[in-house]
Structure formats: structure tokens, C-alpha cells
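Asker: I'd like to ask some things about the structure below.
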Amino acid sequence: MIEMRGVNKWFDDFHVLRDIDLRVAQGERVVICGPSGSGKSTLIRCINALEEHDEGEIVVDGITLDDDSRHLSAIRQEVGMVFQQFNLFPHLTVLENCTLGPMKARGLGRSDARALAMELLERVRIPEQADKYPAQLSGGQQQRVAIARSLCMRPRVMLFDEPTSALDPEMIKEVLDVMVDLAGSDMTMVCVTHEMGFARTVADMMYFMDDGQIVERAPPQQFFEAPASERTRTFLGQILSH
Amino acid sequence: MAQFLVLMGGFVWLVWRGVAEMDYRWQWYRVPRFFYKEVDGELIAGPLVDGLWVTLEIAAWGLVFTLLIGLVVALLRLSDSIAGKALATVYLEVVRNTPLLVQVSIFYFVLQPLLGFNNPLWAGIVCLSVFEGAFASEVIRAGITSVARGQWEASASVGLTRLQAYRYVILPQAVPLMLPPMAGILINLIKHSAILSFVAVFELTTEARNLVGDTFMSFEVWFVVGPMYLVLTITLSGVVAWLERRVHRGRSA
Amino acid sequence: MRSRRKRLTPLDFVIFAAVIAVVAYVGYRVESVLVYSWDWSAIPGYLFRHDADTGAIVPNLLVLGLLTTLRIAFWGMLLASAIGIVLGVARTSRRLFPRLVGWAYVGFIRNIPPVPFLFLFYFFISSQILPVIEIEAFVGGLSDGGTQVLELLFGPADLIVNFLSGVISLSMMMAAYIAEIVRAGIQSIARGQYEAGYSVGLSRLQTLRYVVLPQAVQRVIPPLAGQFITLIKDSSLVALISIQELSFMAMEIAISEQRFFEVWIFTGFMYFLVCYSLASVFNRLEKRAAAARR
């Protein structure tokens, strides 16, 4: 589904991504973790070209990500993304947030788009908020709307960029529940997150990144119980010790 | 408040005294004729009404062109076209670093004959728009860039094109932010239109200058024309403040 | 390997084509329709001239005008800042009276176009205020040395009333804008700074003096520098009330020599040179100051 081969990226002199190889199969759920500044956000933002990679190849669902803008928009329609800061459109209601993409990018009619949006808002368990504006919702609710908004595009892959790190602790669970739910429906998912409980439950494969490189790649069982790399061990020790 | 009224009163008295000492003969009774004349029972607009109308005309057309120029320049600056950015930068620097009076002169005395164009009013309107366009482009650009980067990313992630993102996501958020400074630009258009009196555009200030020349009633004329501008600009500010409140009310409802 | 940066887009070619088309059209108009022959050779003569009496090279009209413009800007800025600071502080006062005075002044001036304002004001100042302070008698009574100093600071002695009227009118106008800058600077200081000031036992005035103003000054200087450039540009307006600065000189030459194209383009270029270099210098100073603060 997603293939990255030899991807490199620089921010000026800073080498953010070093020789990244990553393969995600259809229906696979991948969790990427690592210390802040390790390049994990940049990595998943490269998958739908929010960041341009400088070297290497990225192929999503058979489409190569290159300078061709048709490829770019094709990939973006296949790939949904959930952001750390939600990025809901503040001037639109919850429902309008969800229908904008389907209507304008997919050309769906208004009533179809509404029906679709309501269906997905129900799936993230907030259909009753459909006519409110984002600012009137709690953080957890906003993030669930953001997930529904992405799902409205009927994506084949969902990317999550630290979806819970901007949330108050008591709201994290409601978002994770929705994500676990989604994992149960065979969605291909790539999540950058520090929620190790979530990772244990849903991940098929764990990646650990440090300093722009993928340091470790292992199934969760092995990853948590017997990490091969010293750096992974240190990192897990730091975030699991409490 | 009482102190303030006393001060204002004192100020008016001082002016009055000063004028009286000049042996100035007030002729307020002639002022109504500057506004209208009655010929054969029909009302005919006087010079000040004509001038006011031209000023409004300049402001209205000027606003249209200012917005157009401002939008194009702002988009050029935000584009990734090298020539576009260069052109926008040259335009902004030239407009910002030369006086409006010199720009008016160049439009009137240089560009008009060069481009084979002979219409002071339109040369004036275009010149003012080119001048205010620089400020408008700044306002538009600031409005657009103040919309968080995440909004662009979210638009891209739900499959919108760049144009669609502008149309449905960025501009609806940016325009309310631009409204108050744009009102300032409209008011500046009215204020700066007075400079066109320099090149024989018959707007309010020109008419006033001609009246002063004809009647030597400088004080009456300027004391009337000043407040006319004041009423115009203050009314506009009020309208915009009201508009802004309505926009905000719509949002938070 | 992909390289997306620094590439010409279709828009670039459209713009190149448009610019070339405009230049070509103007060239065609000048050459074939107007049959205008440019003559830039007279311009240096307007800048400097050869003085037959002394044999020296002395400034001519355009340079004299530019000097007057700069003098107006300099004195205008000083006077406008003085008035503007008082008004700006008044507008943030806790008492109603100063606030009202500041509000009325700023509102009045910012809503009336500069041109009618200048006409009214010039008429009033030159006929009312300056005669009262008997400036001409003062200038006439100066020694030679005194006159020289005066001419360096204020320009030709016989034009001093003309000059002062321009300066005063412009600064009365500019003061309203400076007042707004000062007010914004003071109000940009967070409430917490006052509270912190009071909490260590300072009075309101002391808090203003030692806590708020030092911070406000940093924020006010960049917009004030910008205002100085605006003042140079707006000083061209006093040409309309016959103050003999750069734009006035340009008008005179353009009309008497019938060289509108060259004179106006060159005058625009002179203003541009002054304003652009000042803006660059201010920019660099500001960057350096910002770096030093870090």
C-alpha cells in the first residue's frame, strides 16, 4: 500500500530523514514512535506530500509521488490525515467541515455528502454536534470530528500525526477508542503516537525512529518485550516508567 | 467633560478673535449657493455638491481597482513564480518610496501622454488605485498568511486543490480580518483624492480651491469642506464597524 | 532525486511576455507616435550650477529643493514627535479630559484630507501665528555668523517664514499619527507589567517611567522610523502651498523648461533614492537591535 525507498530529506543543513525504507501492506496498522525531533512527523507528512522529500521514492497504492500534480491530488484523495492540532476549519460547522472535501474534491451532491458525513459522525459518536462550530467543542470532540472529516473522503490509508498529544488527559481515551474501532475495520493505518497501550492493542508492526533514521522495526510483542536496540530500550524505559 | 467643552470653546473663541483681528468679513449667507442654486424654480447642484459627487466617484472606482491590484499583487507575492515575486517587489518598493504627489505628476504628465490617454479623472483614479493597491496587497497578504498553516494542510488532506482551498477555506477566514484595514484604505482613498486637485480633477478640494479663488471666502469654504470630509469618513468608519459586528455575530452564533 | 525548487513556472513566462509587451508599446509610442526625443543632459544642470561670480560649483534648484525637503522632514519630525508623544500619553490617561483632547485631535486630523487641512492651516499660521512671534525681525537682526548657522539649519533666510509655515503645518498633521503610534506602544505593554510594578511598590508614574515606557520605546521606534519616511514623502504636499521644496522646484522646472517627462521621472527617482536608502538603513538597524536583544 505504501512504499518508501531510500527517502532522504533536509531542512537546509539539517538532515531530518536518512535513508528511510518503510513498507505498509494493505490493512496493516503501523505505529511509529521515537523522541521528539526524531523526524517521525516529517516522515508521515511526506506520505501525502505535505512535506517534499528530496531523495528516494514514495509509492502509495501504486501511484508514485513526483512532480506531477495529478499524482499528488490522486494520492491525497486516497490518504486521510489527522493532525496534532486538529486543523478543523473554524468558519464552517462540524457538518460542513465533513462535507467540504467530498463535495468539492469528489464532486458529491449536497444530500449525499450530508448523509455520508452524518454516517461517519455517528461512527465517531458525535452526530448531535453536527451543527455546532469547532470552537464550541472540546478538544476530544474536535479531534473526533477531524477523524470523521478524513473518513468522509473514503480514504484507503489513514495517517495519524500525534492525534492525542494536544489533548487533556481525560479526553485521550475517547479519541483512542475511535481509533481502535477504526483499526477493527481493516483500515490501513500509520500512526505517530506515544500511546503505548494503544500501540500494543492495534499495531501489526512497530517502528522506532531516532535522529532521522529508523532504528528498529519489530512486531509489538518483540518490540516491547525484547527490543534489539539499546536506544529503543532507553526510550521505552523513559516513557513507560511512570 | 466640562473641562473639555471649555477647552473647545476657548479654541473656537481664539480662532474667532484671530479672524476678527484680520478684519475678515464673514459672508456665511453666500455659502448655501455653493451647494445649490435655484434657476427657474429648478434646483441645480452647486460646485461643492458636484465636487463631492466626483470625490465619491473616485473613491468607488478607486476601491474596485485598489482591491483588484492588491489581490493580484498579494497572490503574486505568495506564488512560487520568480518573475511574479520580483515584479511585485519592484512595484511595492517604487510605490512606497515615492510621494503620492510625484506619482500623480508622473501619471498625469508622463504616463498619460505616453500611453495616449487623455482623461485626468481616470488617470487620477488609476494612479490612486496603484498607490493604495500597495497597501491593499499588504493587508490581503497579511490576512492570508494569518490563517494558520494547518488550514492549508487540512485542505490538502481532504483533497482540495490550491484554488479550492483559497475559495472555501482560506479566504472565508481571511476576509473578516481584512475588513477593518480595508476600511482604512477606503478612507485613505477619499483623503488622498484631494491631491488630484493638483492635476485639474474637479473633485471636492478643487472646487473648494476655485471657490476660494473666486470669492476670497477662505474660512467659510474650508470650514465647510473640512466637515464635509469629516462626515464622509466618519460615516464610512461607522458603516464598517457595523459590518464587522455583523460578521462576528454570524460567526459565533 | 527530485528538485522542485527554483524553477520557472508558466506564470513567469506570462509575466515576462507582459513586461516586454508594455516596454515595447511605450517605446513604440515614444518613437513613432509622440516622436519625443529624450534629453536627460539638462538634468545635471538642475542639480548643480557653475556660479559665475565665485567660479565655484553650487547647488541648483533640485538639490536646493531636496535640502529643503530634508530640513522640513527633520524639524517636522522633532516637532511632530514632541506633540505626538504628549497626545499619545494623554490618550492612555486614566482621566477623561486628556483622553478626550487626544481623541478629538487625532480623530479630527485623521479624518480630514491633508490638502484642505494644509490650505486652511497655512493660511492661519502664516497670517496669524508667525507675525505674532516676529520671526522676520529676529532673522533680520542676526549677525553674519548667526545667519550662516540659521541658513544651515533652516535654509535661506528670506524664505524662513515660508519654511516655518510648512514645518508647523506638516507637524501638526503628523503629530496625530505619531500619537497613535505612541498610544499603541503604551497599550501593547501587558497589564501584568503594571501590576508587577505596583506590587514592588512603585507609584503609577514610576511604573510608567521605569517599567512601561522603556519597553514601549523599543516597540515604538520602528514605526516612528517608518513615519519619518512618510513625512519625507508627505512633505511634497506643502508644494501646493508654495513651500519651495523638491516637488515645488520640480513643478517650476517642468513648466518653465517644458521638460515634464525627464524632470518628473528624475524627481521621483530622487525621492526613491532617499526613502529607499533610509528604509534599508532603518531595517538593518532594527535587525541588529533585535539580534542584540536576544
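Quick grid of which residues meet (1) hydrophobic (A, V, I, L, M, F, W, C); (2) part of a loop (DSSP other than H, G, I, E, B); (3) in contact with a helix residue (DSSP H, G or I) (Cβ under 8 Å, 6 or more places away or on another chain):
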site	(1), (2), (3)
A:G6	no, no, no
A:W10	yes, no, no
A:V16	yes, no, yes
A:D21	no, no, no
A:S38	no, yes, no
A:S41	no, no, no
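Asker: Let me ask you something else. Taking A:V175 as meeting all but one of (1) surrounded by 21 or more Cβ atoms within 10 Å (Cβ to Cβ); (2) under 28 Å from B:P176 (Cα atoms); (3) touching a Gly at 6+ places or on another chain (Cβ under 8 Å), write down the number of the exception.
Answerer: (2)
Asker: While we're looking at this one, here's another question. Check off (1) surrounded by 17 or more Cβ atoms within 10 Å (Cβ to Cβ); (2) away from chain B (no Cβ under 11 Å) for A:P102 and give me the number that stays unchecked.
Answerer: (2)
Asker: Report those strands (runs of 3 or more DSSP E) wholly inside region A:131-242 carrying at least 1 residues which are in contact with a Phe, Trp or Tyr (Cβ under 7 Å, 6 or more places away or on another chain) and either within 14 Å of chain B (Cβ to nearest Cβ) or closer than 26 Å to A:R76 by Cβ (or both).
Answerer: In region A:131-242, A:157-161, A:188-192, A:213-218 are the strands (runs of 3 or more DSSP E) which contain 1 or more residues that are in contact with a Phe, Trp or Tyr (Cβ under 7 Å, 6 or more places away or on another chain) and either within 14 Å of chain B (Cβ to nearest Cβ) or closer than 26 Å to A:R76 by Cβ (or both).
Asker: Going by the structure shown, is C:V149 at pLDDT 80 or above and either touching a Ser or Thr at 6+ places or on another chain (Cβ under 8 Å) or assigned to a helix (DSSP H, G or I) (or both)?
Answerer: In short, no.
Asker: Residue check, A:F198 against (1) touching a helix residue (DSSP H, G or I) at 6+ places or on another chain (Cβ under 7 Å); (2) free of Cβ contacts under 8 Å to residues at least 12 places away in the same chain, all met but one. Which one?
Answerer: Against the list (1) touching a helix residue (DSSP H, G or I) at 6+ places or on another chain (Cβ under 7 Å); (2) free of Cβ contacts under 8 Å to residues at least 12 places away in the same chain, A:F198 comes up short only on (2).
Asker: Condition (residue is at pLDDT below 90, out of contact with any strand residue (DSSP E or B) (no Cβ under 6 Å at 6 or more places or on another chain) and more than 14 Å from chain B (Cβ to nearest Cβ)) applied to region C:231-242: is it met by at least one residue?
Answerer: no
Asker: Name every residue in region C:259-294 that is small (G, A, S), buried (at least 17 other Cβ atoms within 10 Å of the Cβ) and under 30 Å from C:V30 (Cβ atoms), in order of residue number.
Answerer: C:G268
Asker: Could you list, in sequence order, the residues of region A:69-104 that are of a type in the set (S, T, Y) and in contact with a Gly (Cβ under 9 Å, 6 or more places away or on another chain)?
Answerer: A:S73
Asker: To continue, here is another question. Checking the structure you have, find out if any residue of region A:37-54 is surrounded by fewer than 23 Cβ atoms within 10 Å (Cβ to Cβ), charged (D, E, K, R) and away from chain B (no Cβ under 14 Å).
Answerer: Yes - at least one qualifying residue is present in region A:37-54.
Asker: Within the group B:S137, B:S105, B:S155, which residue is hydroxyl-bearing (S, T, Y) and without any contact (Cβ under 8 Å) to a residue 60 or more places away in the chain?
Answerer: B:S155
Asker: Something else now. Just checking, does region A:63-82 include any residue being among the acidic types (D, E), within 11 Å of chain B (Cβ to nearest Cβ) and touching a Lys or Arg at 6+ places or on another chain (Cβ under 6 Å)?
Answerer: Within region A:63-82, one or more residues are among the acidic types (D, E), within 11 Å of chain B (Cβ to nearest Cβ) and touching a Lys or Arg at 6+ places or on another chain (Cβ under 6 Å).
Asker: Within region B:213-225, work out how many residues are part of a helix (DSSP H, G or I) and either surrounded by fewer than 19 Cβ atoms within 10 Å (Cβ to Cβ) or in contact with a Phe, Trp or Tyr (Cβ under 7 Å, 6 or more places away or on another chain) (or both).
Answerer: Qualifying residue count for the region: 9.
Asker: Right, here's the next one. Yes or no: A:I58 within 12 Å of chain B (Cβ to nearest Cβ) and either surrounded by 15 or more Cβ atoms within 10 Å (Cβ to Cβ) or in contact with a helix residue (DSSP H, G or I) (Cβ under 7 Å, 6 or more places away or on another chain) (or both)?
Answerer: Answer is no for this residue.
Residues are listed down the side, and each one gets a yes or a no for (1) more than 15 Å from B:V225 (Cα to Cα); (2) modelled with pLDDT under 85:
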| position | (1), (2) |
| --- | --- |
| C:F74 | yes, no |
| C:V86 | yes, no |
| C:R91 | yes, no |
| C:R95 | yes, yes |
| C:V101 | yes, no |
| C:Y105 | yes, no |
| C:P114 | no, no |
| C:F121 | no, yes |
| C:S127 | yes, yes |
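Asker: Search region A:41-57 for residues that are on the phi > 0 side of the Ramachandran plot and pair each with any residue that is of a type in the set (A, V, I, L, M, F, W, C) and outside any loop (DSSP other than H, G, I, E, B) when their beta-carbon atoms are under 6 Å apart and the residues are at least 6 apart or on different chains.
Answerer: Cβ pairs passing all conditions: A:A49/A:L72; A:G56/A:V7.
Asker: Taking C:Y194, is it touching a helix residue (DSSP H, G or I) at 6+ places or on another chain (Cβ under 8 Å), under 19 Å from C:I232 (Cα atoms) and among the aromatic types (F, W, Y)?
Answerer: Here the answer is no, as C:Y194 does not meet what is asked.
Asker: Still on this structure: State all residues of region B:188-206 that are of a type in the set (D, E, K, R) and in contact with a Phe, Trp or Tyr (Cβ under 8 Å, 6 or more places away or on another chain); if no residue qualifies, say none.
Answerer: Once the filter is applied, which keeps residues that are of a type in the set (D, E, K, R) and in contact with a Phe, Trp or Tyr (Cβ under 8 Å, 6 or more places away or on another chain), region B:188-206 yields only B:K191.
Asker: Going by the conditions given, is A:G80 crowded, with 17+ Cβ neighbours inside 10 Å and within 13 Å of A:R149 (Cβ to Cβ)?
Answerer: yes
Asker: Go through region B:11-54 and give me each residue that's modelled with pLDDT of 75 or more, surrounded by fewer than 10 Cβ atoms within 10 Å (Cβ to Cβ) and either touching a strand residue (DSSP E or B) at 6+ places or on another chain (Cβ under 7 Å) or not in a strand (DSSP E or B) (or both).
Answerer: Within region B:11-54, B:Y29, B:D40, B:G41 qualify.
Conditions (1) in contact with a Pro (Cβ under 9 Å, 6 or more places away or on another chain); (2) of a type outside the set (D, E); (3) part of a helix (DSSP H, G or I), marked per residue:
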{"site": "A:Q85", "(1), (2), (3)": "no, yes, no"}
{"site": "A:H91", "(1), (2), (3)": "yes, yes, no"}
{"site": "A:C98", "(1), (2), (3)": "no, yes, yes"}
{"site": "A:G107", "(1), (2), (3)": "no, yes, no"}
{"site": "A:S111", "(1), (2), (3)": "no, yes, yes"}
{"site": "A:R114", "(1), (2), (3)": "no, yes, yes"}
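The values are calculated or read from the model by the stated rules, or taken from the named source; none is laboratory data. Remember, it's a predicted structure, so these values are computed and weren't measured experimentally. Because the Cβ atoms are built from the backbone with ideal geometry, glycine has one as well, and the counts that use them run over all protein chains shown.
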